[in-house]
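In what follows, a structure is listed as structure tokens, so that the remarks can point back to it.
Derivation of every value follows stated rules applied to the coordinates shown; laboratory data play no part. Given the structure is predicted, the values throughout are model-derived calculations rather than measurements. For neighbour counting, all protein chains shown are included, and Cβ atoms are generated from backbone atoms with ideal geometry for every residue, glycine included.
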Amino acid sequence: LDLLKMANSTYDNLWNQAIGELSEQLHVEGVDDEEEGGQKEEPREVTIFQAFQHFACLYIKYLQIFRKLEYCYDCMIHPQKRIAVKQVLEMVIRRILELKNDLVKWNPPNSYVKIPQGPEEAFPWEYVHLDDILVDLKLSPEMLEIPVPKYFKENIKSRIYQRDRIVTGYMRLKHNTDNFFVPDLYETSGSVDAMTLERAIDIIQRNERGRQGFERAALVRHLREKERQGRIFDASTRMEMDSDLAATNVQRVIKGFISRADARKERENELMFIGMKPRKDNVEVLDVELKVAYIKRKQEQAENKEAYEKALEDLKGIIVDEEGPEKREELREERTLWVTDQIAQEKFPEDLEEFYINKTFVKEEPLEATTGGKGDKKADKKDDKKASKGKDDKKGGKGGGKAKEEVIEAMPKLQGRTELTDGMSKLVEAYEDVWDGRDESDNFQQKHDAELAKEVTFFNRASYHIGISLSFRWSDLVFMRTSASRWTKCW
């Protein structure tokens, strides 16, 4: 249980780090500044190089966040956590694609193709150069490699298996084999000239003469070294050594050899302990254990996900039975008040369609009441286009057929809120409200949380429509309309 808890806490800490880094990136992109409601600073003018550097740094940082989130989603077994991680992960992937498009679009021109005069223009290029930024951030080039998320294949695993079975069946039917060789037409091997017998003998003789020459030189070198050692031994004075002194010298040499061997062994053990050198004895065993642990986590993922989906289905009936009457009365009161307001305004609704329309589009901006809304906007756009077209025609007539001036695209904004950044900001807030600092000391198996599942089921759209259908009846509407009309006549 301690090992399981430690493994789960490891992925929770990694998730927390990724959310913290994502919050920092959102602050860099200026999301927090606009939420505070302070005075908005005018966007400063930037060059193409500055815009490229800004987008490149964001791109690398989002890649790091993507790797952490993808690893968390792949290894976590808590079903509700995996749903929350996947939502953030998909947002980060979309942001990476946007930044990649900006990097290609605002790629600074090379000095060889740079225009010496005129305004600075970008040079769109698919192969962006990020080596300088990697050196500044002290990162390896492998950081730019984007791994394919594993859940891409896991979600369509059954389809891939079915496709492989169909292909294998056609291969057996048509070719009577399970493996079929497909020639590579693009990588053709170079042609090799035919070799004659005389050419082959000449090559073998040359290699053999070279080998014999090397052997002869090594033998001569050995004889010369042996002769030199003999002359030194003959020139040295011979003296008889005491047996105790000889034993001491032998012990000194042996102890020195043993000490050096022990020091070498301790140094290797220390390097293996701090992870700078792989272990020689149990590397394969650890790899096998790691694969087995990964397979077990995947099985637990599937089991917990199935249990969570089953719990959601069961909770729908429980919520309808326990909280259905209270919710039904609340919804009925809401519709009763709406019908009463409509009758007070001398409007007698035939059904509740207008109520649902107002409830659905309550968050949208109201249409313009004086001008007629979208139709007038479209007409204004058409008028603007016609006016601009007339002006261009006049300019063309006055200029005597001169070419139209090319419109230079404005530099991009380095900071500002977008739909994507707002979505990521909301997901970060949801993490801080629900998962940050949550005590799961008693949830060793990482099962789903019943309260969160109940909230999800309660606010689910399907259960919402079921509650509406149970909460209001046409007879109630007829009764209220009749009562209200009588009350109006009496008054």
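Tabulated results
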{"item": "Segment Glu451-Val285, extension gain: residue separation times 0.36 nm, minus the distance between their alpha carbons", "result": "55.6 nm"}
{"item": "Residue-by-residue Karplus 3J(HN,Hα) for region 269-274, coefficients 6.51, -1.76, 1.60, Hz, glycine and proline x", "result": "5, 5, 5, 5, 5, 8"}
{"item": "At most 13 other Cβ within 10 Å, DSSP loop - GluC sites (Glu not before Pro), region 220-305", "result": "Glu240"}
{"item": "Separation of the Ala218 and Lys265 label points, Cα + 7 Å toward Cβ, nm", "result": "3.3 nm"}
{"item": "Region 200-278: trypsin sites (Lys or Arg not before Pro) falling in loop per DSSP and having at most 11 other Cβ within 10 Å", "result": "Arg238"}
{"item": "In nm, spacing of pseudo-spin labels at Phe355 and Asp244 (7 Å Cα→C-beta vector)", "result": "11.6 nm"}
{"item": "Rg/Rg_ref, region 204-352, where Rg_ref = 2.2 N^0.38 Å and atoms are Cα", "result": "3.07"}
{"item": "Derived scalar couplings ³J(HN,Hα) [region 206-213; Karplus, 6.51 cos²θ - 1.76 cosθ + 1.60; whole Hz; x for Gly, Pro]", "result": "5, 5, 5, 4, x, 5, 5, x"}
{"item": "Karplus 3J(HN,Hα) series, Hz, for region 71-83 with 6.51 cos²θ - 1.76 cosθ + 1.60 (x for Gly, Pro)", "result": "5, 5, 5, 6, 9, 5, 10, 6, x, 6, 5, 5, 5"}
{"item": "Radius of gyration and maximum dimension Dmax of region 268-313, Cα, Å", "result": "17.9, 57"}
